[in-house]
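Here's the structure we're looking at; comments come further down.
The numbers here are math on the coordinates, done by the rules we state, and not lab data. Predicted model, so just to flag it, every value in this text is computed and none were measured. Glycine also receives a Cβ, built like all others from the backbone with ideal geometry; neighbour counts cover every protein chain displayed.
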Amino acid sequence: MRACRGQDVPHTPVWFMRQAGRSLPEYRKIRAGVGMLESCRRPDLVTEITLQPVRRHNVDAAVLFSDIVVPLEAAGVDLDIVAGTGPVIAEPIRTAAGLDRLRPITADDVSFVAESVRQLVGELGGTPLIGFAGAPFTLASYLIEGGPSRTYTRTKAMMYGEPELWHALLGRLAEITLTFLRTQIDAGVSAVQLFDSWAGALSEADYREFVLPHSARVLGSLAGAGVPRIHFGVGTGVLLGAIGEAGADVVGVDWRTPLDRATTLIGPERPVQGNLDPAVLFAPWEVVEREARRVLEQGRAAPGHVFNLGHGVLPDTNPDMLTRLVELVHTASAR
């Protein structure tokens, strides 16, 4: 939390996106025969899965085990998370009538998330718990496309061709996201991260016109919540200046942009998070160590640095490599 606020720290803190997940054998064991959405609804499973990487890797923060589509299901969307594919929407939203099916949510609709957070805060002691949600654009892309996409053709068709419907949809999603994050904050998370995973599909001009106002709505509404707000997207090098304007306290940077350059683009007043390439963890240890030290050095350009990967942990990653990386970050960055 001190690093997120640009304050002095004894060492650079580290956690990993998707640290609670498929790279851990204990995760695969506990999830055997249990669907992803069902896992997210069960506080006992959420608590255990969230704690697993904290125990194993000695990371400086836990991240809530959940999925960005959980609030969409709570809003009445018929969806499933298909193994090997990702979220699949039964009836994509492509018209005003479709938008009418997307209802607002209340804290009661996601009470299982609040219960999971409360359990975790009790178990974690002083270790921070990071909550998260998907940003309006990324959620909209799933809802419009019906699932993951490489081209975002239908998404952009609505964005360009029906801007009123587009902004109405993202406005609705911003409110759903706000409720989801406020529920986590009220239950006790220490920080929140807004994932705009697919924003890199946009030009800066389109991001500013069609996306930035809605992400800023979410982040700005949480300004008085008392927890650091992290904003992360993939392939967003050209967007970092605009993302820095969205209102987050910390900007996550993927592996494509060096952190010192990112700091120049974002603004020197904001801490950064990132950004080791997840694929580096498949290289020999001497390569991992070299690249990790490079990231630490570049991170010193910002007023605060939270070490992370430049995207999520890949499923086939050796967990021992992550444990070793945490130890290296702690020792190499000790003040």
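General remarks:
- Amide H contacts under 5 Å for PHE132, placed H, 5+ residues apart: GLN193
- The slack in the chain from ASP108 to LEU37, taken as 0.36 nm per residue of separation less the alpha-carbon distance, amounts to 23.9 nm.
- The chain: most fluctuating residue of VAL117, VAL218, VAL280 per GNM, C-alpha cutoff 10 Å: VAL280
- Per-pair calculated FRET efficiency, R0 = 51 Å: HIS11 and ALA205 via Cβ, rounded to 0.05: 0.80
- Taking Cα centre as origin and charging only the Cβ of basic (Lys, Arg, +1) and acidic (Asp, Glu, -1) residues, the dipole magnitude of the chain rounds to 420 debye.
- Centroid-to-centroid separation of the stretch 276-332 and the stretch 1-26 [C-alpha atoms, Å]: 11
- Gaussian network model of the chain, Cα within-10 Å springs - most flexible of SER197, SER149, SER66: SER149
- When +1 charges are put on Lys and Arg Cβ atoms and -1 charges on Asp and Glu Cβ atoms, the dipole computed for the stretch 86-143 relative to its Cα centre reaches about 180 debye.
- Listed residue (ALA262, VAL121, VAL329) projecting farthest to the positive dipole end of the chain, Cβ model: VAL329
- Euclidean distance of C-alpha centroids, the stretch 203-218 and the stretch 140-180, integer Å: 12
- Neighbour-limited loop hits for trypsin sites (Lys or Arg not before Pro), the stretch 134-200 (at most 14 other Cβ within 10 Å; DSSP other than H, G, I, E, B): ARG150
- Taking each residue as 0.36 nm, the span from ARG300 to ALA225 lengthens on full extension beyond its C-alpha to C-alpha distance by 24.2 nm.
- Largest-first principal axis extents, alpha carbons of the stretch 81-140, Å: 47, 30, 18
- Entry note, the chain: relative contact order of 22 percent, from Cα contacts under 8 Å with a spacing of 6+ residues.
- Simple label model, 7 Å out from Cα along Cβ direction - ALA83 to GLU123, nm: 2.3
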